[in-house]
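Beneath this line is the structure, given in structure tokens, with notes to follow.
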């Protein structure tokens, strides 16, 4: 199967991101084969398992993976699919909902920093600090000046993580409005999925243009070479999962991770 070229999906720093320029499902024929996608995901899963084990053992670097996207874009699904291939040792998934009363009395990054990875860890954010420049902006809870200040705060925060050896990889799961309608209807039709539904799922759908603009502004303002944003085509769940798995493997590969040396001379060990 052809190697994924992630360049077209990378948001170049200091450029205007227009989500309409990105496909929600690739048209490349080679990427529409279910068997090939399964094969690629399995291969990436094996590599991810080995790389994550090295990351955990070495404890010299860490990785934060951020997932953002419209409702039903597949944040839960991609986490289940991609990270089922790795040991839970040294891996955490964190979800961020409405701030608690205590969290609201702190700066908006306080609760985020507490969940950030240590060296040796891989942490996945299902929603993140970016909610504080998305929902808050669309709902009018913060003004433009505050939003711009928060962009700068986020850049400094992610730079601080980089300085501590923590790489930051950010994925916007790009779903079409028509595909979202299908997935919402599927949840309505299946009683086992009713627990996933919130009133905001339907209210936010009515604000699709406003959320699109908010995402475009946030992605444009905060994609850097060190903490890049990638637009992930998410209408196809198999493609989305395969894409993300390969992107994480590439990110870990670029760290040049090495297993630590033994803490004592193993040649002197004699088993009885």
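The values are calculated or read from the model by the stated rules, or taken from the named source; none is laboratory data. Model, not experiment: these values are computed from the prediction. Here the Cβ is made from the backbone with ideal geometry for all residues, glycine too, and neighbour counts use every protein chain on show.
Within the stretch 176-197, how many residues are under 23 Å from the mean Cα position of the chain (by Cα), without any contact (Cβ under 8 Å) to a residue 40 or more places away in the chain and not in a helix (DSSP H, G or I)?
1
Does residue 257 fit the bill of being in a loop (DSSP other than H, G, I, E, B) and closer than 30 Å to residue 45 by Cα?
Yes; evaluated as a whole, the condition is true for this residue.
Give the residues of the stretch 149-170 that are in a helix (DSSP H, G or I) and in contact (Cβ under 8 Å) with a residue 12 or more places away in the chain, sorted by residue number.
At the first step, the residues of the stretch 149-170 found to be in a helix (DSSP H, G or I) are 149-163.
If the condition is that a residue be in a helix (DSSP H, G or I) and in contact (Cβ under 8 Å) with a residue 12 or more places away in the chain, then 150, 151, 153, 154, 155, 157, 158, 159, 161, 162 are the ones that fit.
Looking at the stretch 100-110, can you tell me whether even one residue there is closer than 23 Å to residue 254 by Cβ and touching a residue at least 12 places away in the same chain (Cβ under 8 Å)?
Taking the stretch 100-110 as the starting set, the residues that turn out to be closer than 23 Å to residue 254 by Cβ are none.
Within the stretch 100-110, none of the residues are closer than 23 Å to residue 254 by Cβ and touching a residue at least 12 places away in the same chain (Cβ under 8 Å).
Those residues that are surrounded by 10 or more Cβ atoms within 10 Å (Cβ to Cβ), modelled with pLDDT of 85 or more and in a helix (DSSP H, G or I), I need them from the stretch 198-208; list them, please.
The answer is 205, 208.
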